[in-house]
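Just so it is clear, none of the values below were taken in a lab; they were calculated from the coordinates. These figures come from a predicted structure and were not determined experimentally. Don't worry about glycine lacking a Cβ; one is built from the backbone with ideal geometry, like all the others, and counts go over all protein chains shown.
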């Protein structure tokens with residue numbers, strides 16, 4: 001009986017190797033499957049996505065990898081001192097600390113993120129190293145900073161003079177309320193849409209010439225937020241999600257509402273079921289509106305999606321959300337998104 005058991009065990013193990021090898025080949029073939037079009041394209045949220053796209057296209061246009069492209073693109077607004085909702089120029093929390101969030105994701109599900117990180121100009125690059133050099137997905141706060149410094153990033157003061165001035169101005173009332181849109185990145189004009197309570201996350205999605213898809217998302221979060229607050233941007237499945245077999249999605253706006261609905265994951269799953277990017281974004285937005293009918297009248301959430309065929313779509317709660325598209329034919333296209341409410345607040 002013992003000999004028979006040994007024989008059966010040896011037979012099963014002997015069979016498993018070719019089966020596993022075949023399964024591995026199937027997985028590799030599936031993950032590398034080309035989309036319906038091999039035309040490279042990058043899309044991103046908001047008007048500052050135009051400059052970000054151009055940096056990404058400098059890589060995509062030469063046949064580079066989508067992951068390199070979205071990282072390079074996201075670094076542009078992170079360094080833009082005029083952008084008070086992303087990176088180094090971001091407005092601080094209510095205690096005067098500039099904290100940044102970012103995530104990055106590749107077609108095969110590899111992903112990395114940092115949240116509430118301070119003193120580092122490019123959280124998107126730290127997020128990529130979390131993905132590539134650790135067994136983890138998300139590092140936060142002091143741990144994220146420690147990791148960044150160990151990886152050679154330079155510590156610096158992110159509170160710019162303009163942001164500090166705006167913070168002191170805000171302290172006169174210390175009132176915080178997320179507002180409709182965040183088109184304005186100047187606290188000196190609080191009467192215009194968004195005022196200082198901006199939440200202009202930049203989310204990017206790219207397909208390279210080889211059909212590989214990647215995404216990135218980076219933000220300084222809501223101005224004057226509670227210390228320790230983290231929105232959707234660094235949460236995989238909320239602010240960003242990519243599946244190379246289906247497509248990718250990213251979000252902007254009030255992150256709490258996106259987190260409650262696992263928004264970007266939802267958009268990708270709806271595309272998996274056959275919806276177009278536009279249809280998927282609209283359905284995800286309507287789920288938020290239907291659950292939060294009164295609250296939705298005063299907040300903004302927008303989704304941007306691209307499927308593996310390179311088709312792009314977006315939808316938002318409020319009028320004013322726009323997205324940028326860049327490919328071999330369009331270098332600086334800025335497209336207004338459709339929305340639930342169409343009243344202009346400008």
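Full extension of the chain between residue 68 and residue 164 gives 31.3 nm of extra length, using 0.36 nm per residue less the Cα-Cα distance. With the convex hull drawn around the C-alpha atoms of the stretch 205-346, the volume per residue stands at 116 Å³. Taken over the alpha carbons of the stretch 39-336 as equal point scatterers, the Debye sum produces base-10 log I(q)/I(0) values at 0.08, 0.11, 0.12, 0.16 Å⁻¹ of -0.29, -0.55, -0.66, -1.22. Sorting the segments 164-176, 307-319, 68-80, 215-227 by their mean number of nearby beta carbons within 10 angstrom, highest to lowest, gives 215-227, 68-80, 307-319, 164-176. For the pair the stretch 50-126 and the stretch 271-306, the centres of their Cα atoms are 24 angstrom apart. With the highest mean first, a sort of the peptides 205-211, 157-163, 287-293 on other beta-carbon atoms found within 10 angstrom per residue produces 205-211, 157-163, 287-293. The equivalent ellipsoid of the stretch 59-146 has semi-axes of 23, 18, 8 Å, largest first, where each one is the square root of 5 times an eigenvalue of the Cα gyration tensor. On the beta carbon distance between residue 39 and residue 171, with R0 = 56 Å, the FRET formula returns roughly 0.65.
Given R0 = 30 Å, the distance between the Cβ atoms of residue 155 and residue 58 translates into a calculated FRET efficiency of 0.60. Peptide packing: for 251-260, 56-65, 129-138, the average count of neighbouring Cβ atoms within 10 Å per residue gives the ranking 251-260, 56-65, 129-138, highest mean first. The convex hull around the C-alpha trace of the stretch 262-342, projected and averaged over every direction, spans 5.5 square nanometres.
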